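Worksheet: one structure, shown below.
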Amino acid sequence: MCGIFGVVAAGGGLGEQDIAASGHSLRHRGPDDAGLWLSPDGRAALGHRRLSIIDLSAASHQPMASPCGRFVIVFNGEIYNFAELRANLVRDGVAFTSAGDTEVVLAGYMRWGERCLERLNGMFAFAILDRGGPDTAASLFFARDRAGEKPFYYRHADGRFAFASELKGLEHPGRIDHQGLNHYLALGYVPGDLCLFEGVRKLSPAHCGRFFLQSGALSIRRFWALPENLPRASDDGEALADEAARLIEDSVRLRLVADVPVGVLLSGGLDSSLVVAAAARVAGQSVETFTITVPGSPLDEARHAEIVARHFGTRHNVLPMAEAGLGLLDGLAPLVDEPIADSSILPAWMVFGLARRKVTVALGGDGGDELFGGYGDYTASLRDWRRLGWIPPAGLRAAAAAAALLPAGVRGRNRVASLRGGALQQMIWGRPYFDRHLRTRLLDRETLELLQDDLDAPEGFLLALFRQGRDPIDCMTRTHFGSILPDDFLVKVDRASMAHSLEVRAPFLDHRLIEFAFGRVPSEWKVHGGESRRLQRMLARRWLPAGLDIDRKQGFSIPMDQWLRSEGEEGLRRRLADLPDCIEKAEVDRLIIGHLRGRTNGARLFALIMLAVAYGNSRRRT
């Protein structure tokens, strides 16, 4: 896990000064080593911050050049099957000078070209400079992993291509991108290739691209997609559970490989508990586990985590959240560049800090909900679909439109407004932040005129994902996998963990397990009736202690509504002082007053606070 950055320019003239600031801003991603590489012709400058995980020696220093000097790589992430790939390349006559995975990626690209991506099992974002040859133009090839675990921001303008692991590693004018802002307000994150700031884009998950130095042209393509759901008639629940167990165990086995201490993040929920169980089965020794507790809170999961830890004999570490309030954000705030409205970033940041005291790598449970149908949205939507199916779509739309006119935070408003597209699309129209009507109140007139008919673009983004499925559960899981997972949950994990220079690995996001879950598992073995994550529950009954409540859904949570009220009116106004000018301050005041009077505007206010932090940080940097 590292930080990468660089600039390539058709006109040349690049030097260390073009990337030195990027390296400084990303030092938290890689405290163990730093490197810069400049091409002799001044057309490329590449940089790297290293968090040493595999091969701690100087042989894996980056940027790394090929023996011939034509290719240079900067790499962030981990390739879990690098030993297998290395063995294949050695049989083909490739000689290695390091024991790490970066050299394997570089050699694999030299051997297989862009198709090397098909062979990589891992999380990654990397860039490889090809300085060109007699019949090949100089170019920069770059790629991002299938699920989107590792970030890649870029800026393409005036014959230059600049990239970095985080937005703060790129120079940009600091002007708000109105469509990026529109999506953030609607969804609580900035999805896909959009960015909050004008002129900057993100490489989407499972995409790669190439920048040609001579022409300045840029091309981007998708190299992987979720398979179509085509279950085998011969697979029953037991057979599917057997295959899931095998894949999870092998994924965990691969992700336990490191030259530094490794642990597991244990929330006490089903996903993380299964990861602990698999680790105990394949590790051959006691593992280190970490959880956070909120003393006195009904959201506290520590007792469930303790049951799992005791059952598997882990070396368990518990961190009480002593500072129970929004002041927790102050420590994380300086690192926020593009905002996410997910308040669980605060306990995540704390538990990652706890874990980093003892380990450099931690395994987490991200991805299990999306693969195996774990969200409450699924059972609730199916239940409402059966219950409300007699109401004509026009009637639901009318009720939703009427509810949307109510003030933000009024009890039941979101619930009814979410039915705009019918019961099955509540996950699209019932987001807890700012729906279309609320955005028309929150954004100033100039911004609304710029957006015009594209104001519905965030909901359209989710609808496009939803329509890729074959049945209701397939539609909903694909939507979550393509949206909130990469653009909220994985961003949260990456930023909060790298703030502590901790690498977090997600066994459920092994592409073999992803392809199995979406390609072979029938929806009825994910959600059926009122039961969700059916396959995972089968594994839980095999692996987990009998006294563990596997029916609840919690994870790392905090009482955000209460924390915001304790800030008071003036405290909230101070935290919102750096909002962009296009946000209507009068509407923000109404949200504050409404929340203090008992309305449920906590998620919306936290979203605006994170926007203010990100925008304020950007203005100070530029």
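Miscellaneous remarks
- Among residues of segment 210-230 that are closer than 16 Å to residue 114 by Cβ, those with a Cβ under 7 angstrom from a residue that is charged (D, E, K, R) and assigned to a loop (DSSP other than H, G, I, E, B), sequence gap 6+ or separate chain, pair up as 224/146.
- Test: residue in segment 491-499 that is among the hydroxyl-bearing types (Ser, Thr, Tyr) and surrounded by fewer than 23 Cβ atoms within 10 Å (Cβ to Cβ): no
- Extreme residue, farthest from residue 326 (Cα to Cα), among residues of segment 568-583 that are of a type outside the set (D, E, K, R) and surrounded by fewer than 20 Cβ atoms within 10 Å (Cβ to Cβ): 582
- For residue 4, the conditions (1) in a helix (DSSP H, G or I); (2) closer than 16 Å to residue 127 by Cβ are fulfilled apart from (1).
- Filter pass, residue 387 being touching a residue at least 60 places away in the same chain (Cβ under 8 Å), among the basic types (Lys, Arg) and either farther than 25 Å from residue 184 by Cβ or in contact with a Phe, Trp or Tyr (Cβ under 9 Å, 6 or more places away or on another chain) (or both): no
- Residue, surrounded by the fewest Cβ atoms within 10 Å (Cβ to Cβ), within segment 409-432, restricted to residues that are on the phi < 0 side of the Ramachandran plot and touching a His at 6+ places or on another chain (Cβ under 9 Å): 427
- Checking 168, 150 one by one, the residue that is in contact (Cβ under 8 Å) with a residue 40 or more places away in the chain, part of a loop (DSSP other than H, G, I, E, B) and basic (Lys, Arg) is 150 and no other.
- Qualifying residue in segment 506-513 (condition: surrounded by fewer than 18 Cβ atoms within 10 Å (Cβ to Cβ), within 30 Å of residue 233 (Cβ to Cβ), acidic (Asp, Glu) and at pLDDT 95 or above): no
- Top-ranked residue in segment 68-79 [being in contact (Cβ under 8 Å) with a residue 60 or more places away in the chain and crowded, with 24+ Cβ neighbours inside 10 Å; ranked as farthest from residue 149 (Cα to Cα)]: 74
For (1) assigned to a strand (DSSP E or B); (2) not basic (Lys, Arg), each residue gets a yes or a no:
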| position | (1), (2) |
| --- | --- |
| 35 | yes, yes |
| 40 | no, yes |
| 46 | yes, yes |
| 49 | yes, no |
| 54 | no, yes |
| 62 | no, yes |
| 69 | no, yes |
| 74 | yes, yes |
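- Test: residue 464 is in the same structural domain as residue 600 (by TED's automatic domain parsing) and surrounded by 18 or more Cβ atoms within 10 Å (Cβ to Cβ): no
- Selection within segment 594-618 - touching an Asp or Glu at 6+ places or on another chain (Cβ under 7 Å) and surrounded by fewer than 19 Cβ atoms within 10 Å (Cβ to Cβ): 596, 600, 616
- A single entry from 532, 501 fulfils the requirement of being small (Gly, Ala, Ser), touching a residue at least 40 places away in the same chain (Cβ under 8 Å) and either outside the structural domain of residue 263 (by TED's automatic domain parsing) or at negative phi (or both): 532.
- Number of the exception - residue 380 against (1) under 24 Å from residue 480 (Cα atoms); (2) crowded, with 19+ Cβ neighbours inside 10 Å: (2)
- When the test is whether a residue is in contact with a Ser or Thr (Cβ under 6 Å, 6 or more places away or on another chain) and modelled with pLDDT under 95, residue 55 passes it.
- Among all residues of segment 331-342, there is none that is in contact (Cβ under 8 Å) with a residue 40 or more places away in the chain, out of contact with any strand residue (DSSP E or B) (no Cβ under 7 Å at 6 or more places or on another chain) and within 22 Å of residue 549 (Cα to Cα).
- Tally of residues being within 27 Å of residue 334 (Cα to Cα) and either surrounded by 15 or more Cβ atoms within 10 Å (Cβ to Cβ) or touching a Leu at 6+ places or on another chain (Cβ under 8 Å) (or both) across segment 21-46: 16
- The listed residues are 66, 98, 57, and the only one of them that is among the small types (Gly, Ala, Ser) and either in contact with an Asp or Glu (Cβ under 7 Å, 6 or more places away or on another chain) or within 17 Å of residue 152 (Cβ to Cβ) (or both) turns out to be 98.
- Options 131, 115, 111; residue that is touching a residue at least 24 places away in the same chain (Cβ under 8 Å), basic (Lys, Arg) and either at negative phi or surrounded by fewer than 20 Cβ atoms within 10 Å (Cβ to Cβ) (or both): 131
- Being assigned to a loop (DSSP other than H, G, I, E, B) and not assigned by TED's automatic domain parsing to the domain that holds residue 80 is a property that holds for residue 260.
- Within segment 182-226, the residues that satisfy the criterion of being of a type in the set (D, E, K, R), surrounded by fewer than 22 Cβ atoms within 10 Å (Cβ to Cβ) and under 30 Å from residue 444 (Cα atoms) are 193, 198, 201.
- Of all the criteria given as (1) assigned by TED's automatic domain parsing to the domain that holds residue 148; (2) touching a helix residue (DSSP H, G or I) at 6+ places or on another chain (Cβ under 6 Å), the one not satisfied by residue 241 is (1).
- Within segment 417-443, the set of residues being within 17 Å of residue 376 (Cα to Cα) and without any contact (Cβ under 8 Å) to a residue 24 or more places away in the chain comprises 418, 430.
The values are calculated or read from the model by the stated rules, or taken from the named source; none is laboratory data. Predicted model, so just to flag it, every value in this text is computed and none were measured. Counting neighbours? That spans all protein chains shown, and the Cβs are built from the backbone with ideal geometry, glycine included.
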